[in-house]
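Undergrad: Okay, here's the structure, questions in a sec.
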């Protein structure tokens with residue numbers, strides 16, 4: 001089965017590599033030490049510390065596998081020197097909502113999405129509605145809070 005491409009900016013790829021390195025070189029040994037200590041204190045049967053450490057180990061190993069797959073399947077979003085006429089991955093956009101308020105977004109892959117920082121996924125309702133649009137276009141996005149109407153006023 002082929003893996004789905006993971007769209008990342010160069011900075012996003014570096015963050016994932018740094019997290020992977022931290023998990024492999026710091027967290028994995030820490031968890032192994034926790035397991036070892038818990039075994040020495042009370043064996044493996046009915047030992048809450050041991051169970052907690054094993055659960056943490058499963059989480060760390062799962063995250064390592066996830067990060068390795070994301071990095072392996074990374075498709076880098078290159079930053080363009082001149083702005084595009086159309087919204088695409090990596091575009092920085094300014095939109096105006098029906099209340100006249102401006103909002104600024106960067107369209108990124110889902111692995112880097114952070115709506116609080118203005119980084120929205122190309123797969124989100126707003127991100128997918130904006131893809132392929134040009135300045136002056138109006139879009140509607142079906143969000144959990146209802147229909148969001150926006151006008152695209154700038155693409156960087």
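Read-outs throughout are calculated quantities, based only on the coordinates presented, and are distinct from any laboratory measurement. What you see is a predicted model, and the numbers here were worked out from it, not measured in a lab. Quick reminder, even Gly has a Cβ in these numbers, built from the backbone with ideal geometry, and neighbours come from all protein chains shown.
Undergrad: For segment 39-49, indicate whether the set of residues that are under 26 Å from residue 71 (Cβ atoms) and assigned to a helix (DSSP H, G or I) is non-empty.
TA: Checked against the condition, which is being under 26 Å from residue 71 (Cβ atoms) and assigned to a helix (DSSP H, G or I), segment 39-49 yields no hits at all.
Undergrad: Can you report the number of residues in segment 16-32 which are within 27 Å of residue 76 (Cα to Cα) and touching a residue at least 24 places away in the same chain (Cβ under 8 Å)?
TA: Going through segment 16-32 one residue at a time, the tally reaches 6.
Undergrad: Please verify whether residue 141 is more than 20 Å from residue 6 (Cβ to Cβ), without any contact (Cβ under 8 Å) to a residue 24 or more places away in the chain and in contact with a helix residue (DSSP H, G or I) (Cβ under 8 Å, 6 or more places away or on another chain), treating the condition exactly as stated.
TA: Judged against the criteria, residue 141 is a match.
Undergrad: Next question, about the same structure. Of the residues that make up segment 52-73, is at least one outside any helix (DSSP H, G or I) and either touching a strand residue (DSSP E or B) at 6+ places or on another chain (Cβ under 9 Å) or closer than 18 Å to residue 156 by Cα (or both)?
TA: yes
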